[in-house]
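Every read-out reported here was derived from the displayed coordinates using simple, explicitly stated rules and does not represent laboratory data. Worth saying up front: this structure is predicted, and the values here are computed from it rather than measured. No Cβ is skipped: glycine too gets one built from the backbone with ideal geometry, and neighbour counts run over all protein chains shown.
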Amino acid sequence: MFGYYFNLALRSLRRNIILTVLMIAAIGIGIGASMTMLTVFRAASGDPIPQKSAQLFVPQIDNFGPQSGMPAQYADLLTPDLTYIDAIGFLRSQAATRQAAMYPTLLAITPTDPAHSPMQVDARATSGDFFPMFDVPFKFGGPWTRTEDDGHASVVVLTRKLNNLLFGGSNSVGQQLTVGGKPYRIIGVLDEWHPAPRFYDVGAQTFSGEDQLFLPFTRAIDEQMSTSSSFNCSGATGPGWEGMLHSNCIWIRFWVELSTARDVASYNTFLHNYAAEQQQTGRFHWPPHVALRNVTQWLSYNHVVPAAVDTLTSVSFALLLVCVVNAIGLMLAKFMAGTGAVSVRRALGATREAVFAQFMVEAGVVGLVGGLVGVGLTKLGLVSCRAVLDEDLSVLTRFHGSDVLIALAVALVATLLAGLYPTWRAMQVQPASQLKAQ
Amino acid sequence: MLKMTGLSKVYRTEVVETYALRELTLEVQEGEFVAVMGPSGSGKTTFLTIAGLLEELSAGEYWLDGVDTRGLTDRQRSRLRNEKIGFVFQSFNLISDLTVHENIDVPLRYRGLPASERRRRIDAVLERVGLTSRARHYASEMSGGQQQRVAIARALVGEPRLLLADEPTGNLDTQMARGVMELLEDIHLRGATIVMVTHDPALAARAQRQVYISDGQIMALGMPPHLVDGGHASQLATQPSEPV
C-alpha cells in the first residue's frame, strides 16, 4: 500500500500547489537554519578520538598558587600547561602507561632538493608516545622510540602534506632533512590525520591548526627551540635558556594514557603526592591543587565550543520549532480540506489506520522535499557562516555527506511529528458525514 | 440479509436528546429490492448510515448477513463495509483527483487484492456499466449520469451482498435517472440485495417493496405482514404519497 499512498500523496500535493509550497518552505527554512548551526555545533563539539577519549588525560597542577592575582571566581581554575621542571618530573616518574610532553614551535627547514626553497613550518616537539597514544596513522615508517627519546635522537616525522610537498608523496623514510640548520633523519610519514577539534593543543588554532613536522622533545630542548604558543610566568626567570627551563613559567602541555579506572586513581594519587612533595620542598607554598581531565572533560573545561555557536544552535532549533508549528497549521488546513475524500474512503472500507498511513505518507513526502530544500539552504547558510566566523572556526562549516542524511532525517521526523495532529483530525472524520451532508 | 430489531439512534448534546430512529424493526431478505421513503428529517439517511455501518446504533440489534454488528471494532466494521456493502450516493462522491479506473479501484485496494485481480474486476464492471472507454477520464470530464454509473461500478466491483443507494437519481435529469434506475434493476435481477432511499414515488414503485419512515419509525407500504412493526401499517393509508 505504500506505493499507493505515495502516489496519492503526490496527487494531493499537486492539487493545492500554494499550500504545498508553503509547507515545504516552512520545513525547508527550519531545516536550513537548524542544520546550518547543527553542522557547526557538531564539528565543534564532536569527540575527536572517540575510541580513546576516556583513556587520555591531561594532568594539571597549580604552579601559581592562590596568590596568583586571579579574580576570585577563577581562583579554582588551573593553568593548562606545566613548567619544564614539572614536565620532566612527570616524564621521569613513568606513572602512566604512555605519556607525552609537548609544545609547538616554528622551525626553518631546508629541503635537500634544491628546487625547493627553505621554508618555515609549524612543528611539534613531543615524546615518541604521542603517536601510539593518539592512534596517529602512518603512511611510511613509524614513530621514534623511548630509546630515541632518551638518546635525544635527531629524527623527524613528517605529515603527509609536507612529505607531498618535499618528496612528491614518495617514501622519504631514511632521507635527510635540514631542520634549523642541522641534519635530521626522516623516520616516519603520517597518513591523513586531522582530529577536530585538535584536542591535544586547544588554543589559538583549535580547529584549523596543523602541525607539519614532529621531532623528539628532548632534541628540541637541546636545540633550544622556543615555544610558538603561550608562555606564562610567575616570578622572575633566570638568564638564558637554562634560566627559562628552571623558571616557574608554564609552556608545556602534558598528556597521559591511563587504560583502567585503577590506573586513573593511581595517577591521581601520584599527582597529589607530587604536589605535596613540591610543597614540602618549599617550591609551592600552598596545599596540593591538581586535576586530571579526560578528552571530553578537557574540551569542555577549555570551552572549545564557542558560546556564540551554542546560543545560535539553540536559536536555530527554536526557529525550526516555529516552522514546524506553521507546518502543522498548513497541514491541518490541507488535510481538513480533504475530509470529503476521507469520508468516502472510510465508507468504502478504509480503516482509521489506513487513513493514518495515507496522511503520514503525505506528511513524509512534504518532509523529504522540505529536507532537500533545507539541505540547499544549509549549504547557503554555511557559506554565509564562513564569511562571518573567525578563520579558525570556518573549518567547522564543512558540509559532509552524513550531514545530508541527518538533514533529511531531521526533516522527516519533524514533519511526521507535525503531521500527527492533522492526521489524527483526519482519522476522526466520520464516514457518514458525506451522506449526512447531502 | 439485513435484520434490525428495536433499533434506536439518539443524538445527544448537553441540553437535548434527539431520536433519529426509534425502536425501528425491519428485515430485508436476500435478493430483495426495497425502497425507503419518508419526509425530510424522518430518519431515512440515518437508517441508511446505520445499515451501512457508517454510524453506530444507540440501542437495539442489527444483524448484517448473519453478523451481529454490535460492539464491532472500527477495523471489523470497515472490513464488513468493504466486503459486504456497496454504496451509491446522491452526489456520486467520486474522488476528484482520481480517474474512473482509480475511483473504482479504491474499495479493492483496501481489500488487498493483487493488481491483476483488481484490473480484471474493474474491466468487467466498467463493461457492465458501459464505460469501458472512459476508464482514464476524470469525474469532471463526465456527465452526471456517467458519474453515477461510475459510482455504481465502484459499489459493485467488490461484489457486495448488499447495495445501499441514497437518492441515486436525485441529481440527475429524467433521462439519466431512467438509465441509472434500469442499471439498478439489472443489478437486482442478477441477485443483488438493494436498499434504496428515494423521494420519488415513481422510482420507489419500481422496487419490490416500499418502506415508509416517519419520525424515526417504520411504516410500511406493500410490506409482508410478518415484517411490519405491528400497529403502524394502518397509519400509512393517511400518509401523503409524495412525502418530501
Contour excess over end-to-end distance, with Cα ends at A:L321 and A:Y301 and 0.36 nm allotted per residue:
4.1 nm
Compute the acute angle (0 to 90°) between the alpha-carbon long axis of helix B:174-189 and the principal axis of greatest extent of the alpha-carbon atoms of chain B; round to the nearest 10°.
80
Taking every residue in A:348-360, how many Cβ atoms of other protein chains lie within 10 Å of its Cβ, on average?
5
Any idea how far apart A:V388 and A:H272 come out in nm if each label point goes 7 Å out from Cα toward Cβ?
4.7
So how far, in whole Å, is the C-alpha centre of the range B:25-97 from the one of the range B:133-179?
19
Note to self, chain A gives a 222 nm [θ] from helices alone (DSSP H runs n ≥ 4, -39500 (n - 2.57) apiece, / all residues, nearest 500) of -16000 deg cm²/dmol
Within 10 Å of each residue's Cβ, count the other Cβ atoms and sort B:D173, B:D215 from fewest upward.
B:D173, B:D215
Output the pairs from A:K52/A:K161; A:K334/B:K44; A:K161/A:K182; A:K52/A:K139 with a Cα-Cα distance over 28 Å in this structure; if there are none, say none.
A:K334/B:K44
Let me check I have the definition right: for the range A:322-403, take the eigenvalues of the Cα gyration tensor, multiply each by 5, take square roots. What are those semi-axes in whole Å, largest first?
41, 13, 8
Please report, in cubic angstrom per residue, the volume enclosed by the convex hull of the alpha-carbon atoms of the protein assembly as shown.
239
Helix A:84-93 sits off the longest principal axis of the Cα atoms of chain A, rounded to the nearest 10 on a 0 to 90 degree scale, by 90
Counting only C-alpha contacts under 8 Å and six or more residues apart, can you give the relative contact order of chain A as a whole percent?
29
Cys residues of chain A with no disulfide-compatible partner (no other Cys Cβ under 4.7 Å) are A:C323, A:C385
Can you give the average number of partner chain beta-carbon atoms within 10 Å of each beta-carbon in peptide B:46-55, as a whole number?
4
Taking 8 Å as the Cα distance limit and 6 or more residues as the minimum spacing, I'd like the relative contact order of chain B as a percentage.
29
Mean projected area (nm²) of the alpha-carbon convex hull when the range A:77-235 is viewed from all directions:
10.0
What shape does the range A:190-253 have by the C-alpha gyration tensor, where a ≥ b ≥ c are the square roots of the eigenvalues, rounded means a/c under 1.5, and otherwise prolate means a/b greater than b/c and oblate the rest?
oblate
Excluding residues on the same chain fewer than 8 positions from B:K3, give the aspartates and glutamates whose Cα lies under 17 Å from its Cα.
B:E23, B:E27, B:E30, B:E32, B:E55, B:E56, B:E61, B:D65, B:D68, B:D229
Nearest 10 degrees, 0 to 90: what angle lies between the long axis of helix B:144-156 and the longest principal axis of chain B (Cα atoms)?
80
Cβ charges +1 (Lys, Arg) and -1 (Asp, Glu), total dipole of the range B:100-157, debye:
140
What does the C-alpha gyration tensor say about the overall shape of the range A:285-438? Classify as rounded when a/c is under 1.5, otherwise prolate if a/b is larger than b/c, or oblate.
prolate
If you consider only alpha-carbon coordinates, what radius of gyration and Dmax does the range A:17-141 have, in Å?
23.9, 74
If you average the sequence gap of Cα pairs under 8 Å that are 6 or more apart and divide by the length of the range A:86-178, what percent do you get for the contact order?
26
Computed on Cα atoms only, the convex hull of chain B has an orientation-averaged projected area in nm² of 13.9
Residues B:S42, A:S266, A:S45 in order from fewest to most other beta-carbon atoms within 10 Å are A:S266, A:S45, B:S42
Percent of C-alpha pairs per 10 Å bin, the range B:22-68, short to long
21, 59, 19, 0
